[in-house]
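Reviewing the structure listed below.
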C-alpha cells in the first residue's frame, strides 16, 4: 500500500488524512487518485467498503478552487450515503464553503438556504437534485467534477432517467467518476454517452467472487418457524454484530419489535422512518447495538465495520441481491458469516444463489423447539398475520409498492400479493416469556 505522502498531494491534505488515521491508500485509492488528478474520466468497479469515498473526495479537494457555484456534484442513491460522504468531506476539511447535502424527505427550503451559501460540493439523491435544479436553487453550469456513486443501486431503484437528465444539464467539459459494485450494460451505456475517453478500472475481485470469503449457511423451516429459527441461530452462533434483512418495511418493523420483546439489542433502518431516526439508528449500530433490521435499499452503500453476520430473514428475490447483502460482512477483506432462513418451497432459489454467486451454501440444523411458543406480534387485542418476503403488507396490494423519487422505493418496498397471497411469518401468542441469550 502506498502512503498518501508519496502521492503528490498537498501537505495540508496529507495532514488532514493523517489526523483521521489515513496513512496508506487502499487499492481503489491508489489506482483512482493519480488518474483523477490527471483529469481522466473513470469508471470504477469496486465494492462498498474499499475506500471509494476518499478515492473521489481526495482529488476534488486537491484540485478544487473557490467559485461562486458548486464545482462538484456527487449523486448517490440514498440519504444515508449522502450523509456519510458529507461527514467524510468534513473530516478532510472542505471548509471554505463546505458541503451541502440534499435529499427527499427533508425540508427543501432548508436545503435551498444551504445552497445559497455557495458550497463547494453538493451531495444528493437524484430526485431532489432535479427538484432544486428546476427551482433554480442548484446551478450546475459550472460543475467541474461529477461523481456517480453506487451507480448500480440507482439503476436498480429506477433513477436511470433522472441521472441521464442531470448529466445532460451539466457541462460537457466536466470530469466524471462513476463507481459501481457491478457493471450492467445500462450503466456502461450511460458512461459511454456522457464520458470522454473513459478509463475502466476493475479493482479487487468481482463482487460475486468476493463472497467466497464468507461462510454461507442456511436452514429450511416451516414458514411459521422463521422467527424461531432466527432466535435459534442467534443462540447457537452468538453473532458479534449482525444485519438482519427483511424484504419489506412492514416485516422489518415487526422483526425489530419482536426481537426487542425478547430483550435483544436491536435497531431499525428503512425508508419509512424519518431521517433523524435513520441517522440515530446508524449511530446506535455503529456505536454498539448488536442487531440492525433493515431493508435492502436503506442499507446499500452504508459502510459499517465489524459486521460479523448477515442474516436473510427473507430470501431475496434476486441472487444478485443476496450478493449485495452478504457482502456487508466482508469489509476490507474481513471474513464473516451469512445465514439465510428458507422454506421448502424456496429450495430452487438456494440453488440459483449458489450458481450465480459461485458459492456452496451449507444447510444447518437448528433447535427451534425452545422457541416454539414465541410468536411475532404487534399491537393489542386481535391476531395479526405478518407478511414477509414477497408477501408485503397486511392488506397487500400489487407487487412493487410506491415510489419516492427523492430517495428510493416508497413506504412498502416489494409491495405484496395481499392478505390471502402473502406468506405469514408470525402471529400474536398468549405467552410473553422472554428467552435469555448470552
Failed item in (1) buried (at least 20 other Cβ atoms within 10 Å of the Cβ); (2) modelled with pLDDT of 90 or more, with residue 214 passing the rest: (2)
Criterion (without any contact (Cβ under 8 Å) to a residue 60 or more places away in the chain, more than 29 Å from residue 307 (Cβ to Cβ) and crowded, with 22+ Cβ neighbours inside 10 Å) met by exactly one of 82, 72, 100: 100
Residue count, the range 78-134 (criterion: over 27 Å from residue 269 (Cα atoms) and either part of a loop (DSSP other than H, G, I, E, B) or modelled with pLDDT under 90 (or both)): 11
Residue match in the range 27-45 (condition: closer than 25 Å to residue 296 by Cα, surrounded by fewer than 23 Cβ atoms within 10 Å (Cβ to Cβ) and at pLDDT below 95): yes
From the options 334, 330, 298, residue that is in the same structural domain as residue 355 (by TED's automatic domain parsing), within 17 Å of residue 214 (Cβ to Cβ), modelled with pLDDT under 85 and surrounded by 21 or more Cβ atoms within 10 Å (Cβ to Cβ): 330
One residue from 132, 138, 92 being within 27 Å of residue 45 (Cα to Cα) and under 26 Å from the mean Cα position of the chain (by Cα): 92
Only one of 138, 146 that is in a loop (DSSP other than H, G, I, E, B), in contact (Cβ under 8 Å) with a residue 40 or more places away in the chain, touching a strand residue (DSSP E or B) at 6+ places or on another chain (Cβ under 9 Å) and not assigned by TED's automatic domain parsing to the domain that holds residue 346: 138
Check on residue 9, over 24 Å from the mean Cα position of the chain (by Cα) and under 25 Å from residue 184 (Cα atoms): no
Output for the range 176-190, where each listed residue is closer than 10 Å to residue 155 by Cβ and not in a helix (DSSP H, G or I): 180, 182, 184
Wholly enclosed strands (runs of 3 or more DSSP E) of the range 212-330 bearing at least 2 residues closer than 22 Å to residue 47 by Cβ: 214-220, 242-245, 291-294, 309-312
Failed item, numbered, when residue 317 is tested on (1) modelled with pLDDT of 85 or more; (2) more than 16 Å from the chain's Cα centre (by Cα): (1)
Tally, over the range 352-376, of residues that are at pLDDT 90 or above, under 30 Å from the mean Cα position of the chain (by Cα) and either outside the structural domain of residue 323 (by TED's automatic domain parsing) or within 12 Å of residue 230 (Cα to Cα) (or both): 1
Residue among 243, 267, 293 that alone is touching a residue at least 60 places away in the same chain (Cβ under 8 Å) and either at positive phi or in contact with a strand residue (DSSP E or B) (Cβ under 7 Å, 6 or more places away or on another chain) (or both): 243
Conditions (1) in a helix (DSSP H, G or I); (2) touching a strand residue (DSSP E or B) at 6+ places or on another chain (Cβ under 9 Å); (3) more than 15 Å from residue 315 (Cα to Cα); number of the one not met by residue 365: (1)
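The values are calculated or read from the model by the stated rules, or taken from the named source; none is laboratory data. Remember, it's a predicted structure, so these values are computed and weren't measured experimentally. With ideal geometry, Cβ positions are generated from the backbone for all residues, glycine too; neighbour counts draw on all protein chains shown.
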